[in-house]
Amino acid sequence: MIKRVILIRTGETEWNKHGRWQGWVAVPLNESGRMQAAALARFVRHMGVSALYASDLQRGIDTVEPIAQALGIAVVYDERLRERSVGLWQGLTLDEIKMWYADEFAALLENRDSFVIPGGEARSEVRERVVEAFHDIMSSKDVGETIAIISHTTAIFTMLKELIPAYDPPSTDLDNTSVTTIRRKDDGEWDVVAIDDVSHLDGLEVRSIGELEN
């Protein structure tokens, strides 16, 4: 039975660096992101991970591959673990969105869960597919007690909120390649062991991101 899940945010990209909303665009990790992913792989190698699940977006692939190589196990890619699709806002900065889509952005702030980004998704839609993926993963056989899921900011936030209702996403940022660990208690419920652990990035640049920064 799976008892511990390590949720990992993807490494840094150039769009992260410049504050551009990525959504589903195929942006690879930049040099800093690749260094972060290498440090992450060395860190995760000692955590007893027996299975890897990851977003199929390019930054997800670039982040998980060093881990897979370090552990010698294959990756299960799942499009349901993708970041929120941001439609017409893809490639824009937060300031540009506020300027060019002022009414829509105000509507987003008014109803963060059900507002559908033009051409993209609502947060509730992200939660539905991510939680479905999580439960499918939990039903996997012969994968050991500890697994890792490599995903993205909104996807991880919505997953945590669904599994742990007391968790408050707006109070937390997630850094690139941050490790958030949850464990299954004896009653079957989940609780948080660690949030946004970046101890493996000692000496490397750390860039945090909130849920409204994609």
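The values are calculated or read from the model by the stated rules, or taken from the named source; none is laboratory data. For clarity, every value in this text was computed on a predicted model and none was experimentally measured. FYI the Cβ positions are ideal-geometry reconstructions off the backbone, even for glycines, and counts take in every protein chain you see. Side chains are part of the model used for accessible areas, which takes the heavy atoms of the whole protein and leaves out ligands, DNA and RNA. Shrake-Rupley method; radii C 1.70, N 1.55, O 1.52, S 1.80 Å.
At-a-glance table
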{"item": "Lone unmet requirement of (1) touching a helix residue (DSSP H, G or I) at 6+ places or on another chain (Cβ under 7 Å); (2) open to solvent by less than 70 Å² (accessible area, probe 1.4 Å) for Ile156", "result": "(1)"}
{"item": "Answer residue from the stretch 16-37, given it is closer than 17 Å to Pro66 by Cβ and out of contact with any strand residue (DSSP E or B) (no Cβ under 7 Å at 6 or more places or on another chain) and is least open to solvent (accessible area, probe 1.4 Å) among those", "result": "Gln36"}
{"item": "Members of the stretch 1-15 that are open to solvent by less than 20 Å² (accessible area, probe 1.4 Å) and either touching a Gly at 6+ places or on another chain (Cβ under 7 Å) or over 16 Å from Leu52 (Cα atoms) (or both)", "result": "Thr10, Gly11, Glu12, Thr13"}
{"item": "Glu110 being farther than 24 Å from Ala26 by Cα and among the charged types (D, E, K, R)", "result": "yes"}
{"item": "Cross-chain or 6+ apart pairs with Cβ under 7 Å, the stretch 113-127 first and assigned to a loop (DSSP other than H, G, I, E, B), then charged (D, E, K, R) and surrounded by 19 or more Cβ atoms within 10 Å (Cβ to Cβ)", "result": "Asp113/Arg123; Gly120/Arg84; Glu121/Arg84"}
{"item": "Check on Arg82, open to solvent by less than 10 Å² (accessible area, probe 1.4 Å) and of a type in the set (D, E, K, R)", "result": "no"}
{"item": "Any pair with Cβ under 6 angstrom, 6 or more apart, that starts in the stretch 45-71 at a residue that is closer than 21 Å to Thr153 by Cα and ends at one that is of a type in the set (Ser, Thr, Tyr) and open to solvent by 20 Å² or more (accessible area, probe 1.4 Å)", "result": "Ala54/Tyr77; Asp56/Tyr77"}
{"item": "Count of the stretch 162-201 residues which are in contact (Cβ under 8 Å) with a residue 24 or more places away in the chain, assigned to a strand (DSSP E or B) and among the β-branched types (Val, Ile, Thr)", "result": "6"}
{"item": "Condition check for Trp15: of a type in the set (Phe, Trp, Tyr), in contact (Cβ under 8 Å) with a residue 60 or more places away in the chain and not in a helix (DSSP H, G or I)", "result": "no"}
